[in-house]
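The values are calculated or read from the model by the stated rules, or taken from the named source; none is laboratory data. Computed from a predicted model, the values in this text were never measured in an experiment. Positions of Cβ are generated from backbone atoms using ideal geometry, with glycine treated the same way; all protein chains shown enter the neighbour counts.
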């Protein structure tokens, strides 16, 4: 499904006025649109896969949100999200859990966040990655990340 060239608006002080709310859907493209609401410009919740947002102007409101806050405290899985030409993106409350395997690159964990909007409350739980190349170990490369870890963390270095 493609959504393009739309203009959505609601008063800035209107609560719960998501512009576009996506759940249990895949292969959605949103482009060349203007969305100004009192809540999320675009929100993606559990079951959303292969979502692309390109050339969407958001504001006022909360911008683009991934995952749902406060409903039942269950885990939500959102996959394959692509944004183009984004600015002022706040990534927070992300958990990487029980990830095991072999990386084809030496840098197995790469978390790069903005100085202006650092990633917050990133949790690394039971991560064990090895490098497939000769003679070296897997490494991590992280910047502007506020994170915590528990259980095994290989490679280390991001905390």
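List of remarks:
- Hey, residue 133 loosely packed, with under 15 Cβ neighbours inside 10 Å, over 15 Å from residue 94 (Cα atoms) and either modelled with pLDDT under 90 or under 21 Å from the mean Cα position of the chain (by Cα) (or both) or not: yes
- Of all residues in segment 9-37, those being over 17 Å from residue 67 (Cβ atoms) and either touching a helix residue (DSSP H, G or I) at 6+ places or on another chain (Cβ under 9 Å) or surrounded by fewer than 17 Cβ atoms within 10 Å (Cβ to Cβ) (or both) number 11.
- Among the residues of segment 42-54, those identified as in a strand (DSSP E or B) and under 14 Å from residue 20 (Cβ atoms) are 42, 43, 44, 51, 52, 53, 54.
- Within segment 51-74, the set of residues being modelled with pLDDT of 80 or more, more than 16 Å from residue 10 (Cβ to Cβ) and surrounded by fewer than 18 Cβ atoms within 10 Å (Cβ to Cβ) comprises 52, 54, 55.
- Those residues of segment 93-112 which are at pLDDT 85 or above and farther than 16 Å from residue 153 by Cβ, in sequence order: 102, 105, 106
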